[in-house]
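What follows is a single structure, written as structure tokens, with notes after it.
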Amino acid sequence: MKHTAFALLALMIALSTLAQPPAASAATPSAIPGELIVRLRPGVWPALRGGALQIAGAPADALASLNRQLSALGAAAAAPIGAGSDTYKLTIRADVSPTAAATALARFGAVAYAEPNHRRVAQRTPNDSVVDQQWGLRNVQAFEAWDITTGGEIVIAVVDTGVDAGHPDLRGKVLPGYNAFSGGSDSGDDNGHGTAVSGLIAADTDNGKGVAGLCWGCKILPVKALNSRGGGDDASVSAGIRWAADSGARIINMSLGGSDESQALRDAVDYAASKGALLIAASGNERQDGNAVSYPAAYDNVVAVGATGNTDVITGFSNTGPYVDLAAPGVGLWTTLPGGIYGPPNGTSFSSPYVAGVAGLVFTLRPDLPAQDIACILEAGADDKGAPGRDDEYGWGRLNALRSLQLAQAYTGCPLYAPTPAPTPAPSPTPAPAPSPAHGDGSAPPALTPVPAGSVGADRAYFPETGHSLGGEFRRYWERHGGLPIFGFPTSEELREVGADGKAYTVQYFERHRFELHPENAAPYNVLLSRIGDDILKAQGRDWFALPKTGPQPGCLFFEQTSQSICEPFLSYWRSNGLEFDGRAGKSYAESMALFGQPISPPQTEEVEPGVFVTVQWFERARFEDHGAGRVLLGLLGNELLRARGWR
């Protein structure tokens with residue numbers, strides 16, 4: 001996806017310093033609760049005294065502080081790792097963060113090092129018969145990525161020659177499609193190209209035969225916009241793109257192109273993007289024939305993909321230029337072909353579906369994110385193989401599925417854009433709220449001061465309960481997506497504040513949340529919700545990775561990415577509320593996920609206000625509270641965030 005401003009530094013190098021996620025699942029913490037690995041220096045050893053673990057040796061007085069720390073951690077046992085070893089597995093209290101405990105112990109001179117005891121698992125390797133020949137999967141670290149997620153039922157449209165839905169490795173993976181020539185539903189493949197593209201994206205995997213697809217759970221939405229000779233036109237391709245967007249495709253793959261600009265094609269691309277779809281296209285195979293710009297790849301709302309060989313070098317046929325965003329394997333990629341057979345085609349046509357498949361994995365992990373953020377994750381997570389930073393051959397680099405998923409787990413804003421100054425508002429009788437001074441001297445912004453009812457315009461709602469008003473996009477969002485029970489009263493006027501990506505945004509605080517305005521996004525993504533649950537835990541010095549895990553529970557909804565389950569009464573509340581996307585009665589999984597996010601704690605008893613102890617469960621964007629008799633309330637996290645900043 002094209003960007004008008006690029007970071008000045010090679011930020012992809014810095015991304016390698018991100019904490020590695022667990023190997024077993026998307027956010028199952030790799031640090032085992034209640035366990036540490038500790039190596040002691042010569043002359044000291046562990047000993048049990050009165051049922052508590054202590055460190056003995058000389059000088060004894062120098063060990064007193066260390067033993068007090070062990071007592072505070074609830075250290076109860078130490079097992080040597082190997083006969084005669086000075087390295088031990090320590091058992092501590094399960095509610096203590098292993099990372100924090102290790103840091104505390106490492107400060108003592110008697111401790112050579114201390115670290116969490118991390119889980120290790122076998123790498124997820126499917127048993128498909130041709131998988132050993134799929135070198136591209138190794139290059140993009142797909143096997144390691146599948147330890148995080150193998151993909152959910154994300155709909156990926158393949159605008160191409162159609163798809164052979166009866167292929168043994170695609171059976172059950174292909175949805176009813178569309179024929180852009182006839183306007184009907186006959187989306188069979190009379191060429192083979194679309195079937196090959198589809199197999200790379202979502203071939204049935206770990207089924208003991210054929211090839212492995214990148215996104216095991218993804219569904220293919222076939223759109224026949226090219227004929228039996230692989231040809232189409234602006235009308236057929238544009239119609240196919242629009243149909244795919246209207247049919248709910250989260251991702252649209254376009255392994256096609258041409259050198260002539262087309263307003264109709266551009267309009268179709270922009271239309272699909274406005275519907276929330278991520279569009280991905282091949283950069284073209286004409287490098288040796290003039291290296292012409294290829295459309296739709298070159299359009300701003302499209303991720304353009306070039307091809308690499310098995311040594312990660314850009315191929316001689318792959319088009320290059322300033323419109324290229326990513327590179328991916330594109331030579332000898334074994335995949336599905338019509339008639340139940342397999343073959344290894346070449347071309348950027350087969351690099352593009354690699355990116356589409358990984359995008360499906362990222363969407364599975366972060367269904368709450370809009371398409372432009374998914375594109376950023378793919379680009380920022382790529383391996384920088386050319387000149388440092390973005391270049392015209394690789395774009396941002398060669399696709400890396402593992403790094404993309406790692407980045408998605410901790411994603412709070414795109415690191416690829418250089419911060420831009422906030423626009424200066426035009427003079428008006430009622431000036432816009434000034435940027436908050438809180439970033440400079442720590443004082444509360446003026447926007448948190450209640451305003452008189454008479455100062456509020458007729459286009460804004462006034463809330464005497466808090467002395468604040470609500471208008472514009474924030475009011476529309478508040479009213480459409482839950483209002484008072486979900487967000488609470490506004491507790492500030494609008495103000496300018498620097499977001500997680502370093503840019504200044506218009507924001508507003510509520511009793512239970514914080515809104516951030518993104519006018520560059522189509523609704524409902526023009527207002528984004530903070531990860532306020534995670535923010536509050538961090539402000540309290542609590543690491544949700546280190547909280548105990550519920551694992552799967554009977555009758556509950558399990559989230560593999562966080563290894564937590566939602567059970568009653570919280571489950572009914574989670575399922576009954578959410579953002580409104582589809583205009584249908586009730587709330588879908590995606591709508592609930594977009595409002596609350598995933599659970600990041602087990603149910604646990606906490607004091608939510610002085611003397612009030614209730615069962616709570618933390619989510620990425622909320623805290624559920626069980627107040628008895630089936631009454632579930634949302635925690636006043638907006639208020640708590642303001643208090644944590646010293647503004648209340």
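Some values worked out for this structure:
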quantity	calculated
Segment 544-593 - residue that is hydroxyl-bearing (Ser, Thr, Tyr) and within 15 Å of Trp618 (Cα to Cα) and, of those, surrounded by the most Cβ atoms within 10 Å (Cβ to Cβ)	Thr562
Top-ranked residue in segment 204-235 [being β-branched (Val, Ile, Thr) and assigned to a loop (DSSP other than H, G, I, E, B); ranked as farthest from Asp190 (Cα to Cα)]	Thr205
Selection from segment 580-609 of residues that are under 30 Å from Asp147 (Cα atoms), hydrophobic (A, V, I, L, M, F, W, C) and not in a helix (DSSP H, G or I)	Ile600
Pairs with Cβ under 9 Å, 6+ apart, first in segment 503-521 and under 12 Å from Glu493 (Cβ atoms), second assigned to a strand (DSSP E or B) and acidic (Asp, Glu)	Thr506/Glu497; Thr506/Glu516; Val507/Glu497; Val507/Glu516; Gln508/Glu516
Tally of residues being small (Gly, Ala, Ser) and assigned to a helix (DSSP H, G or I) across segment 475-510	1
Number of positions in segment 137-193 that are among the acidic types (Asp, Glu) and under 17 Å from Lys219 (Cβ atoms)	5
So Ala24, is it at pLDDT below 80, more than 30 Å from Asp147 (Cβ to Cβ), of a type outside the set (Val, Ile, Thr) and not in a strand (DSSP E or B)	no
From Ala239, Ala203, residue being more than 27 Å from Asn400 (Cα to Cα) and either crowded, with 21+ Cβ neighbours inside 10 Å or outside the structural domain of Lys173 (by TED's automatic domain parsing) (or both)	Ala239
Tally, over segment 620-636, of residues that are among the aliphatic types (A, V, I, L, M) and in a strand (DSSP E or B)	4
Where a residue in segment 550-561 is assigned by TED's automatic domain parsing to the domain that holds Tyr589 and over 16 Å from Ser572 (Cα atoms) and its partner, wherever it lies, is aromatic (Phe, Trp, Tyr) and surrounded by 13 or more Cβ atoms within 10 Å (Cβ to Cβ), with Cβ under 7 Å and at least six apart	Pro552/Phe558
Test: residue in segment 548-558 that is under 23 Å from Gly152 (Cα atoms) and either in a helix (DSSP H, G or I) or of a type in the set (A, V, I, L, M) (or both)	yes
Residue ID - farthest from Glu465 (Cα to Cα), chosen from residues in segment 507-520 that are at pLDDT 90 or above and surrounded by fewer than 21 Cβ atoms within 10 Å (Cβ to Cβ)	Leu517
Residue match in segment 271-279 (condition: touching a residue at least 60 places away in the same chain (Cβ under 8 Å) and part of a helix (DSSP H, G or I))	yes
Members of segment 496-506 that are among the acidic types (Asp, Glu) and either buried (at least 19 other Cβ atoms within 10 Å of the Cβ) or under 23 Å from Ser563 (Cβ atoms) (or both)	Glu497
Which listed residue, of Ala523, Ala539, is within 24 Å of Trp574 (Cα to Cα), among the aliphatic types (A, V, I, L, M) and surrounded by fewer than 16 Cβ atoms within 10 Å (Cβ to Cβ)	Ala523
Qualifying residue in segment 585-604 (condition: farther than 30 Å from Ala245 by Cα and hydroxyl-bearing (Ser, Thr, Tyr))	yes
Whichever residue in segment 442-469 is of a type in the set (A, V, I, L, M, F, W, C) and over 36 Å from the mean Cα position of the chain (by Cα) and, among such residues, is farthest from Glu493 (Cα to Cα)	Ala458
Segment 250-264, subset at pLDDT below 95 and touching a helix residue (DSSP H, G or I) at 6+ places or on another chain (Cβ under 8 Å), residue farthest from Cys218 (Cα to Cα)	Ser262
Pairs where the first residue, in segment 332-346, is polar (S, T, N, Q) and the second is not in a loop (DSSP other than H, G, I, E, B), C-beta under 6 Å, 6+ apart	Thr335/Ala196; Thr335/Gly199; Thr335/Leu200; Thr336/Thr195; Thr336/Gly199
Residues of segment 298-313 classified as assigned to a loop (DSSP other than H, G, I, E, B) and more than 30 Å from Asn521 (Cβ to Cβ), total	5
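For (1) surrounded by 12 or more Cβ atoms within 10 Å (Cβ to Cβ); (2) within 30 Å of Ala356 (Cα to Cα); (3) at pLDDT 90 or above, each residue gets a yes or a no:
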position	(1), (2), (3)
Trp396	yes, yes, yes
Leu399	yes, yes, yes
Pro429	no, no, no
Pro435	yes, no, no
Gly442	no, no, no
Ala458	no, no, no
Thr466	yes, no, yes
Arg480	yes, no, no
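Yes or no, residue by residue, for (1) at pLDDT below 85; (2) over 26 Å from the mean Cα position of the chain (by Cα):
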| position | (1), (2) |
| --- | --- |
| Arg107 | yes, yes |
| Ala112 | yes, yes |
| Gln123 | yes, no |
| Leu137 | no, no |
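Condition check ((1) assigned to a helix (DSSP H, G or I); (2) over 26 Å from Ala277 (Cβ atoms); (3) touching a strand residue (DSSP E or B) at 6+ places or on another chain (Cβ under 8 Å)) across all residues:
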{"residue": "Ala100", "(1), (2), (3)": "yes, yes, no"}
{"residue": "Gly136", "(1), (2), (3)": "yes, no, yes"}
{"residue": "Gly172", "(1), (2), (3)": "no, no, no"}
{"residue": "Ala196", "(1), (2), (3)": "yes, no, yes"}
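The values are calculated or read from the model by the stated rules, or taken from the named source; none is laboratory data. The structure displayed is predicted, hence computed values, not measured ones. Using ideal geometry, Cβ is built from the backbone for each residue, glycine included, and neighbour counts are taken over all protein chains shown.
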